[in-house]
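Below is one structure, written out as structure tokens; comments come after it.
Every read-out reported here was derived from the displayed coordinates using simple, explicitly stated rules and does not represent laboratory data. Because the structure is a prediction, the values reported are computed rather than measured. Positions of Cβ are backbone-derived with ideal geometry, glycine not excepted, and every protein chain shown enters the neighbour counts.
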Amino acid sequence: MSLYAQAMQRFYDVMQQAKQLPLTYPNAMTVATADAQGRPSARVILLKDADEQGFVFYTNFQSRKGNDLTENPHAALLFYWETLKTQVRVEGHVETVSDAEADAYWQTRPLESRIGAWASNQSQPIDSRQVLESRYAHFAQQFADGNIPRPPHWSGYRLIPQLIEFWEERPFRLHERVCYVKQDGNWTASLLNP
Ligand SMILES: Cc1cc2nc3c(=O)[nH]c(=O)nc-3n(C[C@H](O)[C@H](O)[C@H](O)COP(=O)(O)O)c2cc1C
């Protein structure tokens, strides 16, 4: 098994363990982006898919993070599960998923979430909560037949990793850190000081 495959297998294993925990969102991760000036911002997003192609999440491409990723496609993901005493860091660049992939995921989303995606100009100011609710009502009526197309500005990003680090809590703060890094096309693995 390649080092990258090993790293991904370890990620699948820890995510599998997280899914056994009484958590509403075991797949929640912090996604950090930066704008063209390198100013960072971070928010929680749900991981929807992970395999050797990368880590996929869905969002509004006109949001703040969407603008960041257009200007600067580098991003970092952060997972922490306290019960598992484990932190995972992933860094790389993002690509947009194909329309077919986004459409397939869109169809699995609850009706209300699909209407909500039309109603929300994510990250833009709104005058009041009422404005948002009336936009929701407007789109609920427009798509009353249940046939809700995916908004053109709503899709997925796939983060292609070039670094994956596993941190495990150990006694005396002598935590274990294993860092997989891709350099010149080759993956290496090293232990880091905690
Ligand atoms: C548990 C949780 C899950 C979330 N999942 C998503 C998600 O999958 N996609 C998304 O666009 N925003 C999600 N959000 C909202 C984001 O944190 C954020 O508020 C939103 O995407 C706007 O971020 P931005 O202004 O930096 O673009 C989630 C928030 C929380 C707390």
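Among 59, 24, 70, the largest mean-square fluctuation in a Gaussian network model of the chain, built with springs joining Cα atoms closer than 10 Å, belongs to 24. For the pair residue 132 and residue 64, a Förster radius of 25 Å applied to the C-beta separation gives a FRET efficiency near 0.90, rounded to the nearest 0.05. The residue list 142, 14, 96 was ranked by how far each Cα lies along the charge dipole of the chain toward its positive end, using unit charges on Cβ atoms, and 14 comes out on top.
If you fit an axis through the alpha-carbon atoms of helix 3-20 and take the longest principal axis of the Cα set of the chain, what angle between them do you get, 0 to 90°, nearest 10? That works out to roughly 60 degrees. Separation of the range 38-108 from the range 137-194 is 5 Å, based on Cα centroids. The gain in end-to-end length when the residue 183 to residue 1 segment is fully stretched comes to 63.7 nm, 0.36 nm per residue minus the alpha carbon separation.
Any idea what the dipole of the chain comes to, in debye rounded to 20, about its Cα centre with Lys/Arg Cβ at +1 and Asp/Glu Cβ at -1?
That gives a dipole near 440 debye.
Note: relative contact order over the chain, using C-alpha pairs below 8 Å and six or more positions apart, is 22 percent.
Count neighbours as other Cβ atoms within 10 Å of each site's Cβ, and list the chymotrypsin sites (Phe, Trp or Tyr not before Pro) in the range 71-160 that are DSSP loop with at most 15 such neighbours. Provide the component values of the computation, followed by the final result.
Numbers: sites: 79, 80, 81, 105, 106, 118, 136, 139, 143, 154, 157; in loops: 143.
Answer by residue number: 143.
Can you give the longest stretch of the chain with no exposed loop site, where a site means GluC sites (Glu not before Pro) in a DSSP loop (not H, G, I, E or B) with at most 14 other C-beta atoms within 10 Å? Intermediate results must be reported in sequence, preceding the final value.
Working: sites that count: 52, 82, 169.
The segment 83-168 is the longest one with no such site.
GNM on the chain, alpha-carbon springs under 10 angstrom: the most fluctuating residue among 74, 175, 93 is 175. Roughly how tilted is helix 129-142, in degrees to the nearest 10 and between 0 and 90, from the longest Cα axis of the chain? Once rounded, the angle reads 70 degrees. The GNM of the chain, with springs linking C-alpha atoms under 10 angstrom apart, assigns the highest mean-square fluctuation among 60, 27, 121 to 121.
Once both labels are positioned 7 Å from their Cα atoms along Cα-to-Cβ, the gap between residue 190 and residue 141 label points is 6.3 nm.
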